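Take a look at the structure set out below.
Just so it is clear, none of the values below were taken in a lab; they were calculated from the coordinates. For clarity, every value in this text was computed on a predicted model and none was experimentally measured. Heads up, the Cβs are rebuilt from the backbone with ideal geometry, glycines too, and the neighbour counts pull from every protein chain shown.
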């Protein structure tokens, strides 16, 4: 049983508010390394999959945002699948995820993944007991096949305490820019906290395998969680800095007599920024 007020794992040593300057400096350094990793993935034809799982409001989305911030969207992408369609629900459970796996030179970040079956589907009764047991049997086999085929697979579980989760829900309720993150299903995670804890524990028992282990990220402090997760990912991938060709700006050639069409022949967006400044001065 999960201890009241405690996260799903070991308590973090960084219990005080993390210094903003230290966080921003280290985050930028780590993001610079992520760009190097990206170029290595592209140069070597690596296929990298990173799974983000955990409690609702555990900080997965914010971490994904920081991972992706400076990456090339042609190399790295986010996959956040909605509920399966009627047709997809008749397919092999892993099929729609297979279609979204990376090709050579690509990185895919799964914002939730095939582990929905072991979590929300199990707790909320969206799958049968037979389907659930089949998942627990097939998932390790599926992941071993991915790794055997050369896919680099990293799995992160973001762990948040019940008190911090509730605080974040309350904050989102008051913030019109983040209310879209909330749904009735999120609030079920409060009343079914222990059910989710048991489901997570059973999932770990069956799917924490040597070929694709789970890594738990303490996330009561979002900034700490982001730094820890990104640093760990970088430490587990044998990337190196790829030599880049030297680039230089070419000289602009002399004009050949081109004349730009008059502005009144094209439709421009209104100068909202200028109007805003003018209104501030008046």
Between 0 and 90 degrees, rounded to the nearest ten: what's the tilt of helix 222-236 against the longest Cα principal axis of the chain?
90 degrees
What ranking do 240, 258 get, fewest neighbouring Cβ atoms within 10 angstrom at the top?
258, 240
Highest-MSF residue in the chain out of 146, 173, 136 [GNM, Cα springs under 10 Å]:
173
GNM top mover of 39, 53, 131 - the chain, alpha-carbon springs below 10 Å
131
Going by how many other Cβ atoms sit within 10 Å of their own, how do 178, 252 line up, fewest first?
252, 178
Any chance you could give the angle, 0 to 90 degrees and rounded to 10, that helix 193-207 forms with the longest Cα principal axis of the chain?
90 degrees
Does the chain come out rounded, prolate or oblate by the C-alpha gyration tensor, with a ≥ b ≥ c the root eigenvalues, rounded set by a/c under 1.5 and, if not, prolate when a/b is larger than b/c and oblate if not?
prolate
For a footprinting-style exposure proxy, rank 171, 113 by other Cβ within 10 Å, fewest first.
171, 113
Round to the nearest 10 and give me the degree value, 0 to 90, for the angle of helix 129-148's Cα axis relative to the longest principal axis of the chain.
50 degrees
Tell me whether segment 144-282 comes out rounded, prolate or oblate; compute the Cα gyration tensor, take square roots of the eigenvalues as a ≥ b ≥ c, and use a/c under 1.5 as the rounded threshold.
oblate
